[in-house]
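Written out below as structure tokens is the structure these notes cover.
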Amino acid sequence: MSPPRTDAPRIPVLLYHAVMDDPPDWIAEFTVAPREFEAQLDAIRDSGRTPVTIGALAAHFAGRAPLPPRPVALTFDDGFADLPGRTAEALAERGMPATAYLTTGAITPGRRSLLPPAPMMTLDQAKLLEEYGMEVGGHTVSHPQLDTLGARDLLRELAQSKVELEDTLGHRIDHLAYPHGYNSRAVRRAARAAGYETAVAVRHALSSERDEVYRIARLILRRTHTVADIQAWMRGEGARVAPYSDSPQTVGWRLYRRTRALVKGPVFAG
């Protein structure tokens, strides 16, 4: 089989988690300070890229609508407490739409999730995100490694979180983010069967118009990334381009994690 072509226009899809100055240790590596976050947003704006939601990418992939010439997508995983506050405000001030993927068990008081303790938003604030112009998607109930679950638990994680968000917001939830990007063919089939139109992974790569709809590549923001990294990604540089096949290392790591889950049970994806 010939390797996939990678000469399609490159689409940066950025993955943020918490935006705060004092994050818990477990999420610190994937946290951006508020001042740095605003500088990164300004770099995106100054690059000439047009921010779009994952829903806009989905419409383009399905042939329903064109994309602007140089799109970029901003996504936020989990639902940390900053999201419906200063983070959403910074996006709205710049007219930047984004997609927020919420872990319902972690943002519902009294519910259990595998996410370690951290300041989180609440489920009823999902409406506030939409008021700020953000699109809301699902990120499972408990944030497990989906590719280690049996069929029944996998369906529950995907379907239950979707229903909970739909009941809260009063409309369909069409987009999913795999916790920590972990997925497999079975997980992707389950995402489609659960009624999601797209799913985003991580992959540490630029997306493209030939990317896979059920594992759209994202670039994960770490605290060590700078405005210069953002500028390179906006130029379509500094990362490989999806789609591409899983490496032997990725396949081996998945097999190891599945074996471990058989012994220890569901494990936090992080």
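The values are calculated or read from the model by the stated rules, or taken from the named source; none is laboratory data. Computed from a predicted model, the values in this text were never measured in an experiment. So basically every Cβ, Gly included, is an ideal-geometry build from the backbone, and we count neighbours across all protein chains shown. Just so you know, the surface numbers come from the protein's heavy atoms only, side chains and all, with ligands and any DNA or RNA stripped out. Shrake-Rupley method; radii C 1.70, N 1.55, O 1.52, S 1.80 Å.
Here are some notes:
- Members of segment 159-193 that are open to solvent by less than 20 Å² (accessible area, probe 1.4 Å) and more than 15 Å from Pro144 (Cβ to Cβ): Lys162, Leu165, Ile173, His175
- In segment 30-45, the residues that are in contact (Cβ under 8 Å) with a residue 12 or more places away in the chain reach residues that are open to solvent by less than 30 Å² (accessible area, probe 1.4 Å) and polar (S, T, N, Q) with C-beta atoms within less than 9 angstrom, at least six apart or across chains, in these pairs: Val32/Gln40; Pro34/Thr87; Phe37/Thr87.
- Within segment 225-247, if we keep just the residues that are under 14 Å from Arg45 (Cα atoms) and in contact (Cβ under 8 Å) with a residue 60 or more places away in the chain, the residue that is most open to solvent (accessible area, probe 1.4 Å) turns out to be Arg235.
- In the set Thr99, Thr103, only one residue is within 20 Å of Arg10 (Cβ to Cβ) and buried (at least 17 other Cβ atoms within 10 Å of the Cβ); that residue is Thr99.
- Of all residues making up segment 188-211, the number that are touching a helix residue (DSSP H, G or I) at 6+ places or on another chain (Cβ under 8 Å) and farther than 17 Å from Val72 by Cβ: 9
- The residue that is surrounded by the most Cβ atoms within 10 Å (Cβ to Cβ), counting only those in segment 49-69 that are in contact with a Lys or Arg (Cβ under 9 Å, 6 or more places away or on another chain) and touching a residue at least 60 places away in the same chain (Cβ under 8 Å), is Arg49.
- Selected residue (criterion: nearest to Ala98 (Cα to Cα)) from residues of segment 15-51 that are of a type in the set (S, T, N, Q) and either in contact with a Cys (Cβ under 7 Å, 6 or more places away or on another chain) or not in a loop (DSSP other than H, G, I, E, B) (or both): Thr50
- Remark: pairs (first residue in segment 107-119, touching a residue at least 40 places away in the same chain (Cβ under 8 Å); second residue part of a loop (DSSP other than H, G, I, E, B); Cβ separation under 6 Å; 6+ apart in sequence or on different chains) = Leu114/Ser142; Leu114/His143; Leu115/His143; Ala118/Pro24; Pro119/Ala81.
- Residue within segment 19-37 that is within 17 Å of Glu212 (Cβ to Cβ), touching a Ser or Thr at 6+ places or on another chain (Cβ under 9 Å), surrounded by 15 or more Cβ atoms within 10 Å (Cβ to Cβ) and modelled with pLDDT of 95 or more present: no
- Residue check for Ala88: more than 17 Å from Val227 (Cα to Cα), among the small types (Gly, Ala, Ser) and open to solvent by 50 Å² or more (accessible area, probe 1.4 Å): no
- In segment 109-131, the qualifying residues are those that are over 18 Å from Val19 (Cα atoms) and within 19 Å of the chain's Cα centre (by Cα), and the one that is most open to solvent (accessible area, probe 1.4 Å) is Lys127.
- Test result for Leu15, within 13 Å of the chain's Cα centre (by Cα) and open to solvent by less than 10 Å² (accessible area, probe 1.4 Å): yes
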